[in-house]
């Protein structure tokens, strides 16, 4: 399964959320991640996110696509360079 | 065609980008939009975005899916309330 994940969390929780998401997906922009993931791993990720989030204030949106080929991605402007993944 | 658009632009350009994207799509979180759009309208939107952006600093990522039913959306935590669309 291919997912796109975007989060909007309070500043204090950004670091934790970023770290969590990076364990499962690829960081592509700001608070946006994408990647191939299994149902089990996705449940783990969702569980981890709920632990970090404040349910009333923060939000995480996950778009799932059963197949990557159903999604076409276009980037305008700056592309994150590879090094960003290791920051 | 159904698209998800995320932008990451300098603070000074956020207002303009937000306004532009809202003319074409639905705002769902922070700098994330989604919606049904035609090829022609999407080209208009991309053109408008390029006018606003600084190509070296800013980025816009567009995910296209030919059909909405290929995408499943899950929201964890706070959902933007409807009123937000009129702010």
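The values are calculated or read from the model by the stated rules, or taken from the named source; none is laboratory data. Since this is a predicted model, take the numbers as computed values, not measurements. Cβ: placed from backbone, ideal geometry, glycine included. Neighbour counts: every protein chain shown.
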Exercise. Inside the stretch B:25-51, can you point out the residues that are surrounded by fewer than 20 Cβ atoms within 10 Å (Cβ to Cβ) and in a helix (DSSP H, G or I)?
Worked result: B:39, B:40, B:41, B:42, B:43, B:44, B:46, B:47, B:48, B:50, B:51
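Restricting to the stretch B:52-74, give me the number of residues that are over 17 Å from residue A:32 (Cβ atoms), outside any loop (DSSP other than H, G, I, E, B) and modelled with pLDDT under 95.
4
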